[in-house]
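The values are calculated or read from the model by the stated rules, or taken from the named source; none is laboratory data. Source: prediction; values computed, not measured. Cβ placement follows ideal geometry from the backbone for every residue including glycine, while neighbour counts extend to all protein chains displayed.
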């Protein structure tokens, strides 16, 4: 995997933010970008849901990493049970998956509400910079809508959340990433052109979705995605970063469109 040297990028951007630029919106994925929720949030909630109904199923860290290749929690469970066998006495698989996902989401929301999981470094700073520079803000996630809204409100705070022009999640679209449907919907909701938007993603599926929609894309890797193929990304960094280890600023965001 190629990590770009931030100091080299920063050197190009010393002139600061010009008032004349194409970028009008900054769009975040949620899981793995705003909060590193996958390993210690969603995975734990899935396991608690399985335990709550008496299933002898546990997704360890390594297994969950492989399951993340399937986008969407309901789809992930269906894939797992198709591969490993379904619990006995399941009359309607779709109903079972929906009920399990609702239980898992409730448990996940308890984890978020408890404050156990911190924001990833640099997220709050970059949101504040976007607000100060009058950029539109949005979230596009394949996760449950209630969960994504709770992450935004609890982790970013109500004041920051009020500046988001769109929070799109879960079943608002029929196709999950890498399909670009959710990003195309964001363009429609925001009233923007693809090259006016910069997306921050953490996975190959997210990158492919953003690029298929014609958007610029920055990848912030995490433990589950650091070895994925991010060819085509505009910038690849380990995190957005807070001082003294800042990797992305609004200057970076805006100047990506000038390459």
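Rundown of residues vs (1) in a helix (DSSP H, G or I); (2) farther than 24 Å from residue 237 by Cβ; (3) over 16 Å from the mean Cα position of the chain (by Cα), yes/no style:
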site	(1), (2), (3)
58	no, yes, yes
108	yes, yes, no
117	no, no, no
149	yes, yes, no
155	yes, no, no
- Scan of the range 70-95 for residues that are surrounded by 12 or more Cβ atoms within 10 Å (Cβ to Cβ), under 26 Å from the mean Cα position of the chain (by Cα) and either assigned to a helix (DSSP H, G or I) or touching a residue at least 40 places away in the same chain (Cβ under 8 Å) (or both), ordered by number: 71, 72, 73, 74, 75, 76, 77, 78, 79, 80, 81
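Every residue, every condition in (1) surrounded by fewer than 21 Cβ atoms within 10 Å (Cβ to Cβ); (2) over 16 Å from the mean Cα position of the chain (by Cα); (3) touching a residue at least 60 places away in the same chain (Cβ under 8 Å); (4) within 24 Å of residue 62 (Cα to Cα), yes or no:
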| position | (1), (2), (3), (4) |
| --- | --- |
| 172 | yes, no, no, no |
| 181 | yes, no, no, no |
| 186 | no, no, yes, no |
| 198 | no, no, yes, no |
| 203 | no, no, yes, yes |
| 220 | no, no, yes, yes |
| 236 | yes, no, yes, yes |
| 252 | no, yes, yes, no |
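Any residue at all in the range 21-38 that's in a helix (DSSP H, G or I), within 19 Å of the chain's Cα centre (by Cα) and at pLDDT below 95? Give the steps one after another, and end with the answer.
Within the range 21-38, the subset in a helix (DSSP H, G or I) is 37-38.
Imposing the further condition that a residue be within 19 Å of the chain's Cα centre (by Cα) reduces the set to 37-38.
With at pLDDT below 95 added as a condition, the list becomes 37-38.
Yes; the residues of the range 21-38 include at least one that is in a helix (DSSP H, G or I), within 19 Å of the chain's Cα centre (by Cα) and at pLDDT below 95.
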- Does residue 52 count as over 23 Å from residue 165 (Cα atoms), modelled with pLDDT of 95 or more and surrounded by 20 or more Cβ atoms within 10 Å (Cβ to Cβ)? no
- Scan of the range 205-218 for residues that are buried (at least 18 other Cβ atoms within 10 Å of the Cβ) and part of a helix (DSSP H, G or I), ordered by number: 205, 206, 207, 208, 209, 210, 211
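Suppose we filter 103, 135 for residues that are at pLDDT 95 or above, touching a strand residue (DSSP E or B) at 6+ places or on another chain (Cβ under 9 Å) and buried (at least 16 other Cβ atoms within 10 Å of the Cβ); which single one remains? Break it down stepwise before answering.
Numbers: 103 fails: touching a strand residue (DSSP E or B) at 6+ places or on another chain (Cβ under 9 Å).
Every option except 135 fails the conditions.
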- Which condition number in (1) in a helix (DSSP H, G or I); (2) outside the structural domain of residue 210 (by TED's automatic domain parsing); (3) in contact (Cβ under 8 Å) with a residue 12 or more places away in the chain is the one that residue 128 fails? (2)
- Query: Taking the stated definitions as given, is residue 14 closer than 19 Å to residue 254 by Cβ, in contact with a helix residue (DSSP H, G or I) (Cβ under 9 Å, 6 or more places away or on another chain), surrounded by fewer than 22 Cβ atoms within 10 Å (Cβ to Cβ) and modelled with pLDDT of 95 or more?
  - Reply: no
